[in-house]
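The structure appears below as structure tokens.
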Amino acid sequence: MNEIFENNKFTTRAHNFYNLYRTPIIAIVVILLITVVLFLAIGQISKSNNEKAAEIYNKWTLQEIETEDGQKTSKDLFKELLNSYKNTGYTKLALLSQASVDAENDLNEESLNKFLMLIDLTDGFRGNDLFNKIARVNAARLLYAEEKYDEALNLLEKYSSSSSAMIHELLGDILTKQDKIDLAKDQYLLSKDKYTDEASTSIVSIKISNLSE
């Protein structure tokens, strides 16, 4: 008998609680349902976009560019990746690849624009640290070549305490051009400590020696 009474008492309290807070409870339930639906929809869209991007990327990588028509098709496929699937990994791979090719062909401005675009796409909490780092270093090298030293330093600022000998050497090169000799020497010394091959260590040692001349 007591159990029946307790159950009725609990049911009454629950009913009263629901009546009192019915609007916020319904709102919370609706929000949760919408969130679940959106999450599933976004996941499905992302999967679909990746599949489509993969197909375009494969066509782009296999496209012959010896002819004028082939070059046009290649550019159209690349633009389609950027315009429709820019947040996919395939587009980031395409950007990195094409930016590197542009740099090899001395198309520095085009290469720089692609590396900067890759930085934007891979920055932030949900970005890609590896792609972001590669893009920043390469963009900084191009800016260094154009004597835009402040811009180059800004791109590498987040790596001032990096474990990469190459980045410290590049920072030293940039700071040397800015006549910040003490700061440049510090970066070169960090680079020298981190390099493991004799050739690179010797090059950095020469750069350090040249600072005092």
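Read-outs throughout are calculated quantities, based only on the coordinates presented, and are distinct from any laboratory measurement. The structure presented is a predicted model; accordingly, all values stated were derived computationally and were not measured. Note that each Cβ is placed from the backbone with ideal geometry, even for glycine, and that neighbours are counted across all protein chains shown.
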Practice task
Apply the Karplus parameterisation 6.51 cos²θ - 1.76 cosθ + 1.60, with θ equal to phi minus 60°, to every residue of segment 141-150 and state each ³J(HN,Hα) to the nearest whole Hz, in sequence, with x for glycine and proline.
Solution key: 5, 5, 5, 4, 5, 8, 6, 9, 5, 4
Exercise for the section: Calculate the spin-label point distance for residue 108 paired with residue 160, positioning each point 7 Å from the Cα along the beta-carbon direction, and give it in nanometres. Expected result: 2.6 nm
Practice task
May I ask you to derive the FRET efficiency for residue 211 and residue 66 from their Cβ-Cβ distance with R0 = 35 Å, giving the value to the nearest 0.05?
Solution key: 0.15
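Exceeding 19 Å between C-alpha atoms, which entries from my cross-link table qualify? They are 52/75; 133/185; 75/133.
Values: 52/75 17 Å; 133/185 23 Å; 75/133 26 Å.
The answer is 133/185; 75/133.
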Handout entry: Gyration tensor (alpha-carbon) shape descriptor, segment 160-213, a/c threshold 1.5
Key = oblate
Handout entry: Straight-distance crosslink candidates among lysines, where the alpha carbon sits under 16 Å from residue 148 and sequence neighbours closer than 8 are dropped
Key = 177, 180
Practice task
Please report, in debye to the nearest 20, how large the charge dipole of segment 160-213 is about its Cα centre when each Lys and Arg carries +1 at its beta carbon and each Asp and Glu carries -1 there.
Solution key: 80 debye
Handout entry: Charge dipole magnitude, Cβ of K and R +1, D and E -1 - segment 74-213, Cα centre, debye nearest 20
Key = 480 debye
Completion exercise
For residue 120, placing the label point 7 angstrom along Cα-to-beta-carbon and taking segment 134-149, residues whose amide nitrogen sits under 17 Å are 135-136, 139-140
Problem - 18 Å reach of a label modelled at residue 201, 7 Å along Cα-to-Cβ, counting backbone N of segment 127-164 - result: 164
Completion exercise
Taking a straight Cα-to-Cα line shorter than 12 Å from residue 86, and setting aside same-chain aspartates and glutamates fewer than 8 residues away, one finds 120
Exercise for the section: Specify the inter-centroid distance of segment 130-172 and segment 94-116, based on alpha-carbon positions, in whole Å. Expected result: 16 Å
